[in-house]
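The values are calculated or read from the model by the stated rules, or taken from the named source; none is laboratory data. Values in this document were obtained by computation on a predicted structure and should not be read as measured data. We place every Cβ from the backbone using ideal geometry, glycine too, and count neighbours over all the protein chains shown.
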Amino acid sequence: MKGEMKDGVRLPSRENTLPKRFYKAVDVTHGPDGWAVQLDGRSIRTPMKSALAVPTEALARLMADEWAAQGERIDPSTMPLTRLAHGAIDATAHNREAVLAEVVKYAGTDLLRHRAEESALARRQADVWDDHLRWAEETLGARLPVVTGIMPAEASPQALDALRDRAASYDDWRLTGLMQATALSTSAVLGFALVEGRITADELFAHSRIDEDFQTEHWGEDFEARKRADHLKGECLAIGAMLGALAS
């Protein structure tokens with residue numbers, strides 16, 4: 001649909017509000033700031049006018065693929081790796097303390113800690129989530145006890161400090177991946193597991209949706225819920241791709 005009518009006035013569609021593609025050739029180059037995507041021989045800048053340069057050629061080429069795949073209009077929603085790069089350069093690099101605080105906030109009410117009352121769902125949660133919590137205690141030094149019911153339970157200051165210290169050891173790129181993975185899954189433990197290479201991006205998504213998948217099995221799923229789930233999975237996979245490219 002190109003646009004909608006309202007009181008005789010045609011409103012522009014979302015597609016028509018997106019910027020037009022202004023370039024033909026997409027390439028990757030290496031410079032003093034790192035690896036960069038070039039459009040018709042010109043480097044790109046972030047929304048805050050910083051150089052859009054990344055640490056590895058592999059990540060730059062994945063971003064170049066996003067730019068090359070654009071049609072007549074440039075749609076940022078189809079460019080998750082470029083958006084992650086913007087976040088690392090424009091946001092995380094200048095607001096590390098705020099990002100660390102947000103990760104710790106999620107850890108305080110981590111998804112993996114909050115369980116259903118004794119039931120088939122509770123058993124499924126335990127089968128998947130208990131191992132992650134043991135890993136968090138043994139590897140990250142953060143003991144996060146399980147609770148049941150709807151009331152949140154606070155984590156100990158020692159556990160939260162351990163997670164904050166671990167996150168603070170990451171560079172801006174991995175910290176960005178951690179923050180985004182944590183927000184998408186509502187679990188700092190799963191976010192750390194992804195960044196540390198313990199789980200894949202597919203597993204991050206699947207393990208964060210134990211409750212939703214259980215409900216879908218019993219009650220079915222509507223179109224909008226499926227659409228939201230597909231979007232979340234795509235975002236998770238982009239984070240995994242970024243982390244993999246950083247290690248290349």
Candidate set: region 180-219, residues that are of a type in the set (D, E) and more than 18 Å from L144 (Cβ to Cβ); chosen: the one surrounded by the most Cβ atoms within 10 Å (Cβ to Cβ)
E203
Based on this model, can you work out whether S248 counts as surrounded by 13 or more Cβ atoms within 10 Å (Cβ to Cβ), under 28 Å from E66 (Cβ atoms) and polar (S, T, N, Q)?
no
So which residues in region 21-55 are touching a residue at least 40 places away in the same chain (Cβ under 8 Å), of a type in the set (S, T, N, Q) and crowded, with 16+ Cβ neighbours inside 10 Å, if there are any at all?
T46
Mind checking which residues of region 110-134 are surrounded by fewer than 17 Cβ atoms within 10 Å (Cβ to Cβ) and assigned to a loop (DSSP other than H, G, I, E, B)?
E117, E118, S119
Look at E137 and say whether it is surrounded by fewer than 20 Cβ atoms within 10 Å (Cβ to Cβ) and part of a loop (DSSP other than H, G, I, E, B).
no
I'm trying to understand the selection: among the residues of region 140-170, which are in contact (Cβ under 8 Å) with a residue 40 or more places away in the chain and surrounded by fewer than 20 Cβ atoms within 10 Å (Cβ to Cβ)?
P152, A153, E154, L160, R164, A168
Which of the residues spanning region 68-107 are among the charged types (D, E, K, R) and in a helix (DSSP H, G or I)?
R83, D90, R96, E97, E102, K105
Exactly one condition in (1) among the aliphatic types (A, V, I, L, M); (2) without any contact (Cβ under 8 Å) to a residue 24 or more places away in the chain; (3) under 19 Å from D171 (Cβ atoms); (4) surrounded by 14 or more Cβ atoms within 10 Å (Cβ to Cβ) is not met by A98; state its number.
(4)
Take residues that are without any contact (Cβ under 8 Å) to a residue 40 or more places away in the chain and tell me which of the helices (runs of 4 or more DSSP H) falling wholly in region 181-248 contain 3 or more.
201-208, 210-219, 223-246
Looking only at region 102-152, count every residue that is in contact with a helix residue (DSSP H, G or I) (Cβ under 9 Å, 6 or more places away or on another chain) and among the hydroxyl-bearing types (S, T, Y) and tell me the total.
3
Among the residues of region 40-53, is any of a type in the set (S, T, N, Q), outside the structural domain of A153 (by TED's automatic domain parsing) and in a strand (DSSP E or B)?
yes
